[in-house]
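Q: Have a look at this one.
Every read-out reported here was derived from the displayed coordinates using simple, explicitly stated rules and does not represent laboratory data. Keep in mind that this is a model prediction, so the values were computed, not measured. A quick note on method: Cβ atoms are made from the backbone with ideal geometry, for glycine too, and the neighbour counts reach across all protein chains shown.
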Amino acid sequence: MAEPFMTTPPKPERLGAMTEENLKAAFAGESQASQKYLAFAARAAQEGYPNVARLFTAVAFAESAHARNHLNVMGGIGSTAENLKAAFGGESFEISEMYPAYSAVAKMQGNAEAVTSIRYALAAEKDHQGIYEATGKKVDGAADLDATPIRVCPVCGHTIVGEAPDECPLCGTAGRLFHSF
Ligand SMILES: [Fe+2]
Ligand SMILES: [Fe+2]
């Protein structure tokens, strides 16, 4: 059998100001499309259309490749040590500024479901921030994270390194439904 061959994806380059703005917008749009299609795939599966689910899953994968290419051309993918710092920074912004402000607005507007959705995200971002910080220290010393399973609540995104609790402390989902990575 012939060796598998894969072309190199587009590489980082110096960007014109307008192209940089365009790629940022395209990255956001493709990322959103990918997530939307995964959610649509889950709905199609629930409604008894497994092949429509497969279609949405396949196109989500393609949109994800587009998003990744745009991000890479913008220079947004660094070394793992750099990426952990970037990830920590993103989570920290969401915790200290973005979600508290969004929560206040949603409360003011009486949007209880939005308040819940924001509360789940804000709480889980704190998990992520802590895990990224600890992992960053390891990788700065050239050590990998250890092999302990990482468990994630499928409803609120609560993230734990180690055993899942009996039930999610944030949203009450049974621990046996947590996804393991
Ligand atoms: Fe997060
Ligand atoms: Fe949860």
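Q: Alpha carbon centre of the range 51-76 versus the range 112-181: separation in Å?
A: Centre-to-centre (Cα) distance: 24 Å.
Q: Which order results if Met98, Met108 are arranged by neighbouring Cβ count within 10 Å, fewest first?
A: Fewest-to-most ranking of Met98, Met108: Met108, Met98.
Q: Whole-Hz Karplus ³J(HN,Hα) for the range 31-38, in order, using 6.51 cos²θ - 1.76 cosθ + 1.60 and θ = phi - 60°, x for Gly and Pro?
A: 4, 5, 4, 4, 5, 4, 5, 5
Q: Of Ser34, Ser92, Asn51, which is farthest along the charge dipole of the range 1-97 in the positive direction, counting Lys and Arg as +1 and Asp and Glu as -1 at C-beta?
A: Asn51
Q: Right, here's the next one. Can you tell me the dipole magnitude for the range 113-160 around its Cα centre, using point charges on the Cβ only (Lys, Arg +1; Asp, Glu -1), in Debye to the nearest 20? Numbers along the way, then the final one.
A: Working: 5 positive and 7 negative charges, 20 e Å.
In debye, rounded to 20, the range 113-160 gives about 100.
Q: Let me ask something additional. Exposure proxy check: Tyr102, Tyr132, Tyr49 ranked by fewest other beta carbons within 10 Å? Mind showing how you got there, number by number?
A: Values: Tyr102 17, Tyr132 20, Tyr49 14.
Result, fewest neighbours first: Tyr49, Tyr102, Tyr132.
Q: Is there a quick way to get the dipole size of the chain? I mean about its Cα centre, with the Cβ of Lys and Arg at +1 and of Asp and Glu at -1; what is the value in debye to the nearest 20? Don't skip to the answer; put the middle values down first.
A: Numbers: 15 positive and 21 negative charges, 58 e Å.
Roughly 280 debye, rounded to the nearest 20.
Q: State the percent of C-alpha pairs, over all pairs in the chain, separated by a distance greater than 26 angstrom.
A: Considering the chain, 49 percent of its Cα-Cα pairs are separated by more than 26 Å.
Q: Tell me, what is the percent relative contact order of the chain, built from C-alpha pairs under 8 Å that lie six or more residues apart?
A: The normalised contact order for the chain reaches 15 percent.
Q: Can you give the three extents of the C-alpha atoms in the range 79-143 along their principal axes, from longest to shortest, in whole Å?
A: Over the range 79-143, Cα extents along the principal axes are 48, 14, 14 Å.
Q: Under the rule of -39500 (n - 2.57) per DSSP H run of 4 or more residues, summed and divided by the residues of the chain, what mean residue ellipticity at 222 nm is obtained, to the nearest 500 deg cm²/dmol?
A: One gets -20500 deg cm²/dmol as the mean residue ellipticity at 222 nm.
Q: What do the square roots of 5 times the Cα gyration tensor eigenvalues come to for the range 1-73, in whole Å, largest first, as semi-axes of the equivalent ellipsoid?
A: For the range 1-73, the ellipsoid semi-axes come out as 29, 20, 5 Å.
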